[in-house]
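Student: After the structure tokens below, expect a handful of questions from me.
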Amino acid sequence: MNCPVDWPEPIVRVQSLSESEVPVIPDRYIKPPLERPTAAKQSTDASDVNIPIIDLQGWDGDDDLRATILGQISEACRKWGFFQILNHGVNPQLLDRAREVWREFFHLPMEMKHVYANSPKTYEGYGSRLGVEKGAILDWSDYYFLHYLPLSLKDCNKWPALPADCREVLDEYGRELVKLCGRLMKLLSINLGLEEDVLQNAFGGQNIGACLRVNFYPKCPQPDLTLGLSSHSDPGGMTLLLPDHQVPGLQVRRQDEWITVKPVPHAFIVNIGDQIQVISNAIYKSVEHRVIVNAAKERVSLAFFYNPKSDIPIGPIKELLAPDKPALYAPMTFDEYRLFIRMRGPRGKSQVDSLKSRSMT
Ligand code: OGA
Ligand code: NI
């Protein structure tokens, strides 16, 4: 399996479509009836269901407080696969600036963004589709994708040169988030009943991968017919999402219902990816999520992906296995897994589930 070097069709920027103020969206963005936002039950803005909100203040101090926080995280990882964290230690001003530099970038004239146009070979740069299937139905969003780690993949020249402080802000953002993920990995490891470094070591120690996808969801004249991002689970290890604090849009699947996440200012939304589901032998679940769009407001979100070293086999940790708890997954490298995803685009949880059937047969 090899990824093609170019897109199967000419790329259309969703932002350009949105700015042309057409009253109807092109057929390519119209989802089949059962995938539309209106097809299933969804929580309303007024509903008080939300993913767990966990205050990390004091997580490395007092034993009682630490035990409480560990307990909350454990329950969130097992039951939801999604939670928001507050007082996580990353400067709120940095968060606001990071979101703002991207908003400014997406508002630059199209010709300045085109310089960074991406290809399906690496996905790095400015893009408008995921997956390379010709004739596929597309999502109502553009994005920008870049690498922080491993250092061999970090290339600041592929990052936007404008706004002027963009590269500097992004660099600091990446450093802070790598540190925060390292701390969260310890808590997750302890909650699995393991020594604090076991999970990180299963990721390949310090040689992990870290990348950022900034999603830009333009206003949409027919939001009920499409999705900003189709249902998927994140392929990597763990994701820290900085949502638009003013515009909800992320929905998390809970049984047959879609829960709309209500973002708390300056919190991160944390979610478990497929690789942690595999490593934990499904004790932690990577949960399906999607994004809805709206007619009145654009939305910007920063998804930071913390991934295992890409060329080592990733399978369930031995300490978690027992005769009555057999390995549910056959090991696979993240490089192999990602290629699979990149060919096909977002598709619910079919990818990680297919790993499962491979090991069962
Ligand atoms: C993602 C994602 C959610 C959002 O980028 O994988 O799920 O709110 N984003 O943009
Ligand atoms: Ni996602």
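The values are calculated or read from the model by the stated rules, or taken from the named source; none is laboratory data. For clarity, every value in this text was computed on a predicted model and none was experimentally measured. Here the Cβ is made from the backbone with ideal geometry for all residues, glycine too, and neighbour counts use every protein chain on show.
Student: Go through the residues of segment 305-328 one by one and say whether even a single one is touching a residue at least 40 places away in the same chain (Cβ under 8 Å), in a loop (DSSP other than H, G, I, E, B) and in contact with a Ser or Thr (Cβ under 6 Å, 6 or more places away or on another chain).
Tutor: So far as segment 305-328 goes, no, none of its residues is touching a residue at least 40 places away in the same chain (Cβ under 8 Å), in a loop (DSSP other than H, G, I, E, B) and in contact with a Ser or Thr (Cβ under 6 Å, 6 or more places away or on another chain).
Student: Residue 183 - would you say it is closer than 23 Å to residue 15 by Cβ and either under 20 Å from the mean Cα position of the chain (by Cα) or modelled with pLDDT of 95 or more (or both)?
Tutor: When the stated conditions are applied, residue 183 does not pass them.
Student: With respect to residue 270, determine if the residue is away from ligand 2 (no atom under 16 Å from the Cβ), at pLDDT 95 or above, of a type in the set (A, V, I, L, M) and closer than 30 Å to residue 192 by Cα.
Tutor: For residue 270, the condition - away from ligand 2 (no atom under 16 Å from the Cβ), at pLDDT 95 or above, of a type in the set (A, V, I, L, M) and closer than 30 Å to residue 192 by Cα - is not met.
Student: Going through segment 251-280 one residue at a time, which ones are part of a strand (DSSP E or B), within 21 Å of residue 347 (Cα to Cα) and of a type outside the set (Val, Ile, Thr)?
Tutor: 251, 253, 254, 257, 258, 271
Student: Taking segment 103-119 as the region of interest, how many residues are touching a strand residue (DSSP E or B) at 6+ places or on another chain (Cβ under 9 Å) and either away from ligand 1 (no atom under 16 Å from the Cβ) or more than 24 Å from residue 336 (Cα to Cα) (or both)?
Tutor: So the count comes out to 9.
Student: On to the next question. Condition test on residue 264, is it away from ligand 2 (no atom under 16 Å from the Cβ), modelled with pLDDT of 95 or more, within 22 Å of residue 94 (Cα to Cα) and surrounded by fewer than 24 Cβ atoms within 10 Å (Cβ to Cβ)?
Tutor: Yes, satisfied.
Student: Only one of 130, 146, 153, 138 is touching a residue at least 24 places away in the same chain (Cβ under 8 Å) and surrounded by fewer than 18 Cβ atoms within 10 Å (Cβ to Cβ). Can you tell me which?
Tutor: Criteria check complete, one pass: 153.
Student: Would you pick out the residues in segment 16-41 that are outside any loop (DSSP other than H, G, I, E, B), touching a residue at least 40 places away in the same chain (Cβ under 8 Å) and more than 30 Å from residue 337 (Cβ to Cβ)?
Tutor: Those that are outside any loop (DSSP other than H, G, I, E, B), touching a residue at least 40 places away in the same chain (Cβ under 8 Å) and more than 30 Å from residue 337 (Cβ to Cβ): 16, 17, 18, 19, 41.
Student: Now a separate question. Name, by its number, the condition in (1) surrounded by fewer than 24 Cβ atoms within 10 Å (Cβ to Cβ); (2) over 27 Å from residue 175 (Cβ atoms); (3) within 15 Å of ligand 1 (Cβ to nearest atom) that does not hold for residue 256.
Tutor: Against the list (1) surrounded by fewer than 24 Cβ atoms within 10 Å (Cβ to Cβ); (2) over 27 Å from residue 175 (Cβ atoms); (3) within 15 Å of ligand 1 (Cβ to nearest atom), residue 256 comes up short only on (3).
Student: With 228, 237 as the choices, which residue is within 12 Å of ligand 2 (Cβ to nearest atom) and buried (at least 24 other Cβ atoms within 10 Å of the Cβ)?
Tutor: Of the residues listed, the single one that is within 12 Å of ligand 2 (Cβ to nearest atom) and buried (at least 24 other Cβ atoms within 10 Å of the Cβ) is 228.
Student: Output the residues belonging to segment 77-105 that are more than 22 Å from residue 251 (Cα to Cα) and in contact with a helix residue (DSSP H, G or I) (Cβ under 7 Å, 6 or more places away or on another chain).
Tutor: Passing the criteria: 88, 89, 90, 94, 97, 98, 101, 105.
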